[in-house]
Amino acid sequence: MKKFCKILFAVCFVCILCFVSAAAETDELAEAISDCMGKEPFVVRVAFGELLLNRLDSADFPDTVADVARDFADGHISDVSESDYRAAASAERRFGFAGGALYVKKWKSVENTPLELRSGVRLYDWFFYI
């Protein structure tokens, strides 16, 4: 019985660590969305969160949300809203709003966009591309 309790305790401890780690990543993602996308429409913030997660999955980018988001941060720190947390949670579900994108830029016009970048996803004033 003692051995069973020790194993059960170890399994529960690992589960708690995973949950805490996932919650911390969601918090970092919500902060990054808030800091980088501010008051953009919800779908754009979800797509931006997906883009950050796509970068985390890529070997070409850093391994933490904070390091990946640093490329986009403008130094403006804003309060994280409930909507930012919902956008982060939605991004973690990977609905595909970003279309697998690793890069994003403000959309000006299709004429100003190089031909190789025209295949991507346009959401409002933002263009997400690979």
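Read-outs throughout are calculated quantities, based only on the coordinates presented, and are distinct from any laboratory measurement. For clarity, every value in this text was computed on a predicted model and none was experimentally measured. Because the Cβ atoms are built from the backbone with ideal geometry, glycine has one as well, and the counts that use them run over all protein chains shown.
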FRET efficiency estimate (nearest 0.05) - Cβ-Cβ, E82 to Y103, R0 25 angstrom: 0.30
Scalar couplings 3J(HN,Hα) for the range 52-65 by Karplus 6.51 cos²θ - 1.76 cosθ + 1.60 (θ = phi - 60°), nearest whole Hz, x for Gly and Pro, are 4, 5, 4, 5, 4, 6, 8, 6, 7, 10, x, 9, 10, 4
Return E92, E50 ranked ascending by Cβ neighbour count within 10 Å, so the fewest neighbours appear first. E92, E50
